[in-house]
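What follows is a short report on a single structure.
The values are calculated or read from the model by the stated rules, or taken from the named source; none is laboratory data. All values reported here derive from a predicted model rather than from experimental measurement. For neighbour counting, all protein chains shown are included, and Cβ atoms are generated from backbone atoms with ideal geometry for every residue, glycine included. These area figures cover heavy atoms from the full protein model, side chains too; ligands, DNA and RNA do not enter into them. Shrake-Rupley method; radii C 1.70, N 1.55, O 1.52, S 1.80 Å.
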Amino acid sequence: MDPFEYRGEQLYCEDVSVSQLAEEFGTPLWVYSQAKLVHEFQAIRDAFAAVDPVICYSVKANSNLSLLKILNEQGSSFDVVSGGELYRVREAGADTTRVVFAGVGKTDAEIRLALENNILMFNVESEAELVAISAVAAELGVVAPVALRLNPDIDAKTHAKTTTGKKGNKFGMDIERHNALADKVLADSHLELRGIHMHLGSPINTTEPYEKAAQKAFDVVTELRAKGHKTNWVNLGGGFGLNYRGNEAPPAKTYADVIIPWIQKAECRLALEPGRSIAGNAGILVSQVIYTKREGGKLFIIQDAAMNDLVRPAMYDSFHRIWPVRPGVAAPADFEAEIAGCEPADVVGPVCESGDYLAKNRWLPEVHRGDLLCTFSAGAYGTVMSSNYNSRPRGAEVLVNGGEYRIIRRRETYDDLIAHERV
Ligand code: LLP
């Protein structure tokens with residue numbers, strides 16, 4: 001299901017022309033498809049239906065309140081990593097008793113907020129954190145539900161900056177510490193061990209890492225139960241792949257096929273924390289060409305979206321498809337190949353750094369000042385990682401639903417840039 005398609009001469013999001021949106025709301029502009037967001041959530045829910053999972057959408061991927069509300073209406077739960085994300089989830093009207101809370105640096109204030117909101121469980125990353133959670137729970141006179149985050153030392157073969165389940169990463173704990181902490185939980189009346197948590201990295205386009213993790217979870221749960229724990233949750237985190245290029249990511253069912261048998265065997269509830277695979281291809285970034293220039297034997301397309309808007313190419317050398325909104329040349333199947341009628345160009349922004357690019361050496365049709373470009377697969381880790389670097393106001397966000405659309409975040413103004421400095 002692709003809600004962004006070229007009809008006639010131009011790009012549409014569902015039934016709305018993207019150039020019409022750019023004209024009305026300006027650029028840079030983030031455009032989301034409600035149908036795609038819902039479709040991807042439902043695809044995961046349906047693929048895992050046999051074990052009735054709790055799908056905790058990973059808020060960090062895209063935390064826009066309107067998107068959270070839509071997912072909440074779909075029955076999604078949420079994975080949060082900060083008090084701020086928990087606040088957003090609450091504002092979206094979510095039932096916080098199904099929220100999971102991960103992250104290596106939860107503060108006492110965040111732990112207190114989570115306990116007051118009765119979350120499903122903390123994904124605990126260290127002994128020091130466990131001690132802190134127990135202390136805050138004792139202070140509040142409650143029992144804190146926890147899952148211990150295991151670092152299973154599985155190589156998910158993702159970008160070095162987004163792999164999390166390998167020995168040497170800051171996340172989770174090794175199996176020896178995991179087991180030792182499980183014993184501590186058993187002896188602590190303010191803690192209850194609900195399950196085991198793992199998150200291997202992101203994005204993971206193969207199923208083997210999940211199969212290994214699910215098997216590992218089964219082994220651990222079996223051992224814990226033998227020791228007297230009532231643990232009955234397996235949380236395998238997020239990380240499912242996304243089609244940035246074409247069809248490189250397996251469908252949800254392929255992951256489900258290797259995970260479900262182990263969950264059934266373990267007789268556990270399953271929690272998942274997908275973010276990218278739900279929001280990623282529900283969003284695009286629309287920009288406008290300011291100038292083109294040729295220098296040093298290269299063509300540069302300078303447009304008004306920059307690394308402060310979408311930092312992924314600068315930060316991870318990530319690939320995002322880019323194509324004009326009104327191309328005149330049919331969009332290719334392979335955006336990395338040489339394309340007839342096109343010329344390789346660097347698509348760059350106005351920020352004063354050589355790392356400020358959205359694409360390098362990309363075959364694109366001839367574009368001119370004022371033309372619109374679309375950067376695809378920008379729905380996840382786009383706006384959430386944006387900044388005001390170079391004092392650039394963030395762009396607006398628009399949500400399309402069929403033939404209708406509405407603003408879900410207004411464009412920032414120059415005044416917004418200094419509002420917090422008027423002290
Ligand atoms: N659960 C945990 C504990 C995580 O750390 C993450 C992502 C997720 C779930 C969701 O993973 P997803 O399903 O979205 O792949 N900024 C990077 C991605 C960082 C991912 C951080 N953790 C990027 O733009 O690629």
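Scanning the stretch 1-58 for residues that are β-branched (Val, Ile, Thr), in the same structural domain as Tyr381 (by TED's automatic domain parsing) and open to solvent by 10 Å² or more (accessible area, probe 1.4 Å) returns a single hit, Thr27.
When each of Phe122, Phe101, Phe171 is tested for being touching a residue at least 60 places away in the same chain (Cβ under 8 Å), of a type in the set (Phe, Trp, Tyr) and open to solvent by less than 60 Å² (accessible area, probe 1.4 Å), the lone residue that passes is Phe171. Reported count of residues in the stretch 181-222, each being part of a strand (DSSP E or B), open to solvent by less than 10 Å² (accessible area, probe 1.4 Å) and touching a Phe, Trp or Tyr at 6+ places or on another chain (Cβ under 6 Å), is 1. If you go through the stretch 82-103 and keep only what is out of contact with any strand residue (DSSP E or B) (no Cβ under 7 Å at 6 or more places or on another chain), assigned to a loop (DSSP other than H, G, I, E, B) and not small (Gly, Ala, Ser), you end up with just Asp95. Of all residues being touching a residue at least 40 places away in the same chain (Cβ under 8 Å) and more than 13 Å from the ligand (Cβ to nearest atom) in the stretch 125-134, which is nearest to Ser189 (Cα to Cα)? Just the residue, please. It comes out as Ser134. Residues in the stretch 17-41 that are over 25 Å from the mean Cα position of the chain (by Cα) and not in a helix (DSSP H, G or I): Ser17, Gly26.
Looking only at the stretch 286-338, residues that are exposed (fewer than 15 other Cβ atoms within 10 Å of the Cβ) and part of a loop (DSSP other than H, G, I, E, B) come to 10 in all. For the stretch 223-279, taking the residues that are exposed (fewer than 15 other Cβ atoms within 10 Å of the Cβ) and of a type in the set (Gly, Ala, Ser), the one that is nearest to Arg194 (Cα to Cα) is identified as Gly228. Checking Cys56 against (1) touching a Pro at 6+ places or on another chain (Cβ under 9 Å); (2) hydrophobic (A, V, I, L, M, F, W, C); (3) more than 13 Å from the ligand (Cβ to nearest atom): exactly one of these is not met. Which one? Against the list (1) touching a Pro at 6+ places or on another chain (Cβ under 9 Å); (2) hydrophobic (A, V, I, L, M, F, W, C); (3) more than 13 Å from the ligand (Cβ to nearest atom), Cys56 comes up short only on (3).
Restrict the check to the stretch 104-118 and report whether at least one residue is touching a residue at least 12 places away in the same chain (Cβ under 8 Å), over 20 Å from the mean Cα position of the chain (by Cα), part of a loop (DSSP other than H, G, I, E, B) and surrounded by 16 or more Cβ atoms within 10 Å (Cβ to Cβ). Looking through the stretch 104-118, at least one residue is touching a residue at least 12 places away in the same chain (Cβ under 8 Å), over 20 Å from the mean Cα position of the chain (by Cα), part of a loop (DSSP other than H, G, I, E, B) and surrounded by 16 or more Cβ atoms within 10 Å (Cβ to Cβ). Scanning the stretch 139-168 for residues being open to solvent by 20 Å² or more (accessible area, probe 1.4 Å), within 12 Å of the ligand (Cβ to nearest atom) and not polar (S, T, N, Q) gives a total of 3.
Applying the criterion of at least 2 residues that are within 23 Å of the chain's Cα centre (by Cα) to the strands (runs of 3 or more DSSP E) found wholly in the stretch 340-423 leaves 357-364, 372-375, 396-401, 404-409. Give the stretch 407-423 a look and list any residue that's open to solvent by 100 Å² or more (accessible area, probe 1.4 Å) and farther than 17 Å from Ser63 by Cα, or say none. Within the stretch 407-423, Tyr414, His420, Glu421, Arg422, Val423 qualify.
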